Amino acid sequence: MSIRIPPVAARGLALGLPALPTVLAVATTVLLFSVFLWAREIPVLEAGALIYQGAFGSTFSWENTLLRAAPLMLTALCVALPARAGLIIIGGEGALVLGGLAAAVTPLWLPALPASLMWVAMAAAAMAMGGFWIGLSGWMRQRRGVNETIGSLLLSYIALAVFRHLVEGPLRDPASLNKPSTAPLPDAYSVGVISDTFYVHWGLVAGVVVCALAHVLVRHSVSGFAFSIVGGNVRAARMIGLPVNRLVLVTCVLGGAAAGLAGMFEVAAVQGSANAALIAGYGTSGILVAFAARHNPLAIIVCAILLGGVEASGSLLQRRLGLPDATTLILEGVLFVNLLAWEALNGRVLHWRIHWRERGRTPAEGVVQHG
Amino acid sequence: MRALSLETLSAGKSYGHFRALDGVSLKVRAGTVHALLGENGAGKSTLVKGLVGYDPLDSGSILVSDRERQIRAPREAHALGIGMVYQHFTVAPGLSVAENLVLSRDDPPLRIRWKAERERLRAFMDEMPFQLDPDRPVSGLAAGEKQKLEILKQLYLQRRFIILDEPTSVLTPQEADEVLGLMRGLAHAGEVSVLMITHKFREVTAFADDVTVLRKGAMVGSCAVADTTVEALSGWMMGRAPTHNTVVERPPVNEKVEPCLRVTDMVAHNDKGVEAVHRVSLSVRPGEIVGIAGISGNGQKELTEVLLGQRQAESGSVFINGRPYHGRREEMLREKVHSLPEEPLRNACIGTMSVAENLALRQFDQPALCRWGWWINRAAIDKQAGERIERFQVSPADPARPIQTLSGGNVQRVVLARELTEEVAVLIVSNPVFGLDFASVAMIHQRLLEARNRGAGVLLLSEDLDELLELADRILVIHDGHISYQTRAAEANRVELGRHMAGVEAEAC
């Protein structure tokens, strides 16, 4: 090829390339979803405008979007952290729900405490519960050879069943009549909104902070480096003496703890008690967010906001165009399939990256290249 | 004569900008064994892949029995009677000899009439110079027998020109001699012509009629084996005198010092849970290279994996410098245990990570490469990588490149740079030069000897007897998971070692 490209542009191309599969996946998803709408004789452009409006069109829609994005950031970490060590964990829903339950019962079992201490205790309980639950999948994989994807999915179903049993049985507040719940959280302990003009709870801040911490952990810390060695090649990790089983377990526990924390905020800031409304699919959507972000914690923040927006626009689509509630689910499903399909491009991307990176070099720092 | 002659006229092939093969004209006379010699990357595989149609040539022509032919796909090569035996077996181990033969046909019938096929096979076997029972399961065949099956397959398919790709790399010296002797017999009887890729001069002088040498994609020379010498051939191959003549001095092993590596009664299972290493005990002293010889699949892989920490031993123990050793990171750092496993990309590197990161695998959690005990210092990693890349001549010299995009020799250089730069007390090495070119082999061997002379105890597991005879101070033979024989390398006898590698002694008693 003899196209002249300035080195700076080539370097930029090399940097941006990892996002290419995701960008292409979004493009094909938009195309396929448009075909779907068109087949149902729905004005495509109008639907697109409505999705934008429902997601980011007003302060209210921004609030709605960010409210949904907050738990998604944390449940996405439940996929992304174990993914660093080479695991595909899809049981975040179970960890979120059990974490929420643990947070809901903590104030009932502890003496009265200042709110900030109680929040710490609730968060600790939720994270311990979530970490235990996902840690179980990691333990079963390393010790018993159980596939972690299937293991975590099945454990998630068990978690949901246990949750329902406890909320409708032993832990049910007798006062909750047609919506079985645990005893409501005292008002003093409920987590408030960031400001009166910006009606989003503090879970959003927690989500962003935890994602930033996760970024430092995986990109800059010794442990993060060890995780990626295990995820990249277990045999090499063993050869350099890394405690593979322990590292895998740690990523699972951290991921589960993040999902558990999401459950705590759902209880303390949204629901006010643990009840079936906690099973809202945040754990499942978190998988999609993590894959769209290619398990990069900073990209998770962006992807969680985008997906939160899509989910937030569902009710507007329903009201204005008479589309069923499941429409946004279809959109998410199509996106997920496309993300996985475009993953196949990764090998090529690697080669292009090297190519553009070398073009981005000035001749002075050029690479010695032979055979 | 049924054998084919084959000739290429200025055959060429490019991959992108890289000219892998350039103007090679080769003539294989009908009914002869023709050896194709060359370093790795000399273009031998490119040439034969073109001849069998797996990766057709881009220029030049092919003459089969003096008629110009196009070979664009394996089917076309097969139709002409050209076949290839690959370095690694391409037989289905779960099936019988007869089933393997029938299934190898390009046009197997929709319904196989086994009775008729068996009759035909029996008649075919009777005409062959060597036989295999058609009903035997292939999983029960020894390596030499599998290689014979590969050759029988070619004859059964009526191939009249057979290409052998390093046919003896998985055989004992005795098996190798037998198989190559058979091929030469068939060729001289006018049944087939043979083109044999090899890097063993002994096989060329003992079995080939003609020899052609390739270097860097071009033909360097071609002549009758009788008219040349090993020195002349290696000169053609290397473009200069072989480098391993510059022998590193080797001080004698101090027999009085305590061994730095001691393995006692080790038992280990293979992936299927079958015992692969049976109560193996051995010891290595500082400043000594102990070689373990054996045909592949006799427990070396499992033994290495246990020593590297990649596999759990069932029982037995390992001591390093007198202390029990479990392959933990602290122990490796404290006792200075390093290793060069075989297939470095699979065992010692993370393919998707950069060269710099791969160079940092041993030290990334040490003060030199991280701050405050937890923050990875990328600048220090890159600096270290730059120095090591230069010292070990890794090419391309780009620390940020993913290591899986480097050639095999350069991957091994990266691993060497990582494992041998720091002080080494114990070094565990397994087939370190497998598939590498001469220049890399010479460099690696020299580095191993240097490590030994600096006082490292080296355990060298290798399937290449020549390598062991050149490097080791003592040689142990492993057969069927047992250490069956042990000798000083200086007193070692190739035939004796071969007999133990094949397990002849074990069967006798």
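The numbers here are math on the coordinates, done by the rules we state, and not lab data. As the structure is a prediction and not an experimental result, all values here were calculated from the model. Glycine also receives a Cβ, built like all others from the backbone with ideal geometry; neighbour counts cover every protein chain displayed.
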Bounding extents of the stretch B:6-240 in its principal axis frame from Cα atoms, largest first in Å, are 56, 37, 30
Listed by chain and number, the aspartates and glutamates with an alpha carbon less than 16 angstrom from that of B:LYS146, same-chain partners under 8 positions apart left out, are B:GLU99, B:ASP133, B:ASP135, B:ASP165, B:GLU166, B:GLU175, B:ASP177, B:GLU178
Assertion target for B:ASP209, B:ASP265, B:ASP398, ordered by fewest C-beta neighbours within 10 angstrom first, is B:ASP265, B:ASP209, B:ASP398
For the stretch B:390-448, shape from the Cα gyration tensor axes a ≥ b ≥ c, cut at a/c of 1.5 then a/b versus b/c, turns out oblate
The orientation-averaged projected area of the Cα convex hull of the stretch B:246-339, in nm², is 7.4 nm²
Mean other chain Cβ within 10 Å across A:227-236 is 6
One finds, for B:GLU387 and A:VAL216 with R0 = 30 angstrom and r their Cβ-Cβ distance, a FRET efficiency to the nearest 0.05 of 0.60
Sorted by chain and then number, the residues having a modelled amide H within less than 5 Å of the amide H of A:SER176, at least 5 places away or on another chain, are A:SER181
Expressed in angstrom, Rg and Dmax over the Cα atoms of the stretch B:76-201 are 14.2, 47
Of all trypsin sites (Lys or Arg not before Pro) in the stretch A:264-365, the ones in DSSP coil with at most 15 other Cβ atoms within 10 Å are A:ARG361
Calc'd 3J(HN,Hα), the stretch A:128-136, phi into Karplus 6.51 cos²θ - 1.76 cosθ + 1.60 (θ = phi - 60°), Hz, glycine/Pro = x, comes to 5, 5, x, x, 4, 5, 6, x, 4
Residues whose built amide H sits under 5 Å from the amide H of A:LEU323, excluding neighbours closer than 5 in sequence, are A:GLN318
Quick note on B:HIS88, B:HIS500, B:HIS445, ordering by fewest other C-beta atoms within 10 Å, gives B:HIS88, B:HIS445, B:HIS500
With bins of 5 Å, the percent of all Cα-Cα pairs of the stretch A:212-371 per bin from 0 is 2, 7, 10, 13, 15, 16, 13, 9, 7, 4, 2, 2, 1, 0
Correct semi-axes for the protein assembly as shown, from √(5λ) of the alpha-carbon gyration tensor and rounded to whole Å with the largest first, are 59, 34, 28
Cβ density ranking, 10 Å radius, fewest first, applied to B:ASP271, B:ASP210, B:ASP58 yields B:ASP271, B:ASP58, B:ASP210
Cross-link reach from B:LYS272 to aspartates and glutamates, straight Cα distance under 14 Å and at least 8 residues apart if same chain, gives B:GLU302, B:GLU314
Averaged over all viewing directions, the convex hull of the alpha carbons in chain B casts a projected area in nm² of 26.5 nm²
Here the gain from full extension of B:ASP466 to B:THR405, 0.36 nm per residue of separation minus their alpha-carbon distance, amounts to 18.9 nm
For B:GLU258, placing the label point 7 angstrom along Cα-to-beta-carbon and taking the stretch B:299-336, residues whose amide nitrogen sits under 19 Å are B:317-327, B:331-336
Taking Rh as the Kirkwood radius computed over alpha-carbon pairs of the stretch B:1-110 and applying Stokes-Einstein at 10 °C with viscosity 1.306 mPa s, one gets a diffusion coefficient in µm² s⁻¹ of 102 µm²/s
In nm, the gap between the two label points placed 7 Å beyond Cα toward Cβ at B:PHE18 and B:GLN131 is 4.8 nm
If R0 = 35 Å, then B:PHE124 and B:THR205, at their Cβ-Cβ distance, give a FRET efficiency to the nearest 0.05 of 0.60
Taking the square root of 5λ for each eigenvalue of the C-alpha gyration tensor of chain A, the equivalent ellipsoid has semi-axes, largest first and in whole angstrom, of 37, 28, 19
Beyond 24 Å, the calculated P(r) of the stretch B:343-469 holds a percent of Cα-Cα pairs equal to 28 percent
Here FRET efficiency (C-beta to C-beta, B:ASP106 to B:HIS188, R₀ 25 Å, nearest 0.05) is 0.35
Output for the stretch B:351-399: chymotrypsin sites (Phe, Trp or Tyr not before Pro) sitting in coil per DSSP, at most 16 other Cβ within 10 Å, listed by number, reads B:TRP372, B:TRP374
